[in-house]
Amino acid sequence: METNLSSLKKTARLAGFLYLIWVITGIYGMMYLPSKIIVKGDVVATANKILTNEFLFRTGIINDLFSATICVFMLLVLYRLFRHVNEGQAKLMVILFFLTLPVVFIMGAFNITTLMILKGEILKTFELSQRQDLAMLFLNINEYGTLTLQLFWGLWLIPFGQLVYKSGFIPRIIGVFLILNGVAYIIPSFTSLLFPNYQTLVSQFAMPFWILGEISITLWLLIKGVKNNISLIEKQ
């Protein structure tokens with residue numbers, strides 16, 4: 001199937017741009033924000049930090065919703081880019097990630113509820129300590145929700161990596177990196193549920209693979225787009 005190289009490059013770079021924004025929102029929501037809000041093992045300190053940094057906490061909610069929205073457009077562009085490689089795998093890639101989006105919106109609702117509880121806007125008859133405990137319950141539910149999301153973040157990368165490997169317009173090694181990246185999400189997800197004491201250790205081993213896969217595909221799509229010598233894409 002003949003494909004216009006210029007159009008293919010534009011699609012690839014748009015995908016890279018959207019992927020970069022999505023990665024940035026992920027770093028903000030999963031790394032920066034918790035470091036400023038959450039005090040591990042201390043309910044009172046966490047509650048006070050949330051109230052003291054209410055605006056920052058609210059930006060986290062907006063960030064998650066914005067991230068989910070960007071993700072929708074990113075997936076559609078990636079589907080357009082890879083559908084001629086293997087349409088079935090491209091659809092599977094999209095479906096696996098779309099399954100995570102309802103969870104993101106539910107978690108956003110839990111975060112809003114957490115803030116309302118801590119501010120005393122609801123459950124006004126509860127004691128302060130009871131409200132703090134209930135707020136932490138919602139935060140803990142969100143933490144386990146993230147572990148579920150992490151499983152699907154890994155699953156969608158496997159067909160994505162296979163598409164990259166087969167495409168011919170992106171180096172095959174990046175496809176291998178993405179598959180390893182997917183496995184590096186899946187294993188810590190199961191470990192955290194089955195062997196929680198080893199969660200931190202396994203995540204530390206997995207982190208380099210997270211960077212290796214998604215950062216490499218983001219940079220390739222954004223900077224290079226596709227190989228210059230590609231003029232034909234065959235449907236696999």
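Suppose we keep only residues that are small (Gly, Ala, Ser) and in a helix (DSSP H, G or I) within region 28-59. Which one would you say is farthest from the chain's Cα centre (by Cα)? Lay out the reasoning, then the answer.
Of region 28-59, the ones small (Gly, Ala, Ser) are 29, 35, 41, 45, 47.
Among the residues that remain, those that are also in a helix (DSSP H, G or I) are: 29, 35, 45, 47.
Numbers: Gly29: 10, Ser35: 18, Ala45: 28, Ala47: 26 Å.
Out of the qualifying residues, it is Ala45.
With Ile61, Ile70 as the choices, which residue is in contact with a helix residue (DSSP H, G or I) (Cβ under 6 Å, 6 or more places away or on another chain) and more than 24 Å from Gly161 (Cβ to Cβ)? Before you say what the answer is, go through the steps one by one.
On the way: Ile70 fails: more than 24 Å from Gly161 (Cβ to Cβ).
None of the others qualify; the one that does is Ile61.
Say whether the condition of being within 18 Å of Phe97 (Cβ to Cβ), surrounded by fewer than 16 Cβ atoms within 10 Å (Cβ to Cβ) and either out of contact with any Ser or Thr (no Cβ under 9 Å at 6 or more places or on another chain) or not aliphatic (A, V, I, L, M) (or both) is met by at least one residue in region 33-53. Show your work before the answer.
Looking only at region 33-53, we keep the residues that are within 18 Å of Phe97 (Cβ to Cβ), and these are none.
No - not one qualifying residue is present in region 33-53.
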Open item on the list: For Ser203, only one of the following conditions fails: (1) within 17 Å of the chain's Cα centre (by Cα); (2) closer than 20 Å to Cys71 by Cα. What is its number?
Closed with: (2)
Task: Out of Ile62, Ile122, sole residue that is without any contact (Cβ under 8 Å) to a residue 60 or more places away in the chain, surrounded by fewer than 16 Cβ atoms within 10 Å (Cβ to Cβ) and either more than 18 Å from Ile141 (Cβ to Cβ) or touching a strand residue (DSSP E or B) at 6+ places or on another chain (Cβ under 9 Å) (or both) - done: Ile62
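Filter region 1-49 for residues that are in contact (Cβ under 8 Å) with a residue 60 or more places away in the chain, within 22 Å of Ser216 (Cα to Cα) and out of contact with any helix residue (DSSP H, G or I) (no Cβ under 8 Å at 6 or more places or on another chain) and give the result. Outline the logic, then answer.
Residues of region 1-49 that are in contact (Cβ under 8 Å) with a residue 60 or more places away in the chain, as a first pass: 1-3, 5, 8-17, 19-20, 23, 30, 38, 43-44, 46-47.
This time we only want the ones that are within 22 Å of Ser216 (Cα to Cα), so: 5, 8-17, 19-20, 23, 30.
If the condition is that a residue be in contact (Cβ under 8 Å) with a residue 60 or more places away in the chain, within 22 Å of Ser216 (Cα to Cα) and out of contact with any helix residue (DSSP H, G or I) (no Cβ under 8 Å at 6 or more places or on another chain), then Leu5, Lys9, Lys10 are the ones that fit.
Only the coordinates and a few stated rules stand behind these numbers; no lab work does. Only a predicted model underlies this, so the values are computations on that prediction, with no experimental measurement involved. Reconstructed Cβ throughout: ideal geometry from the backbone, glycine too, with neighbour counts over all protein chains shown.
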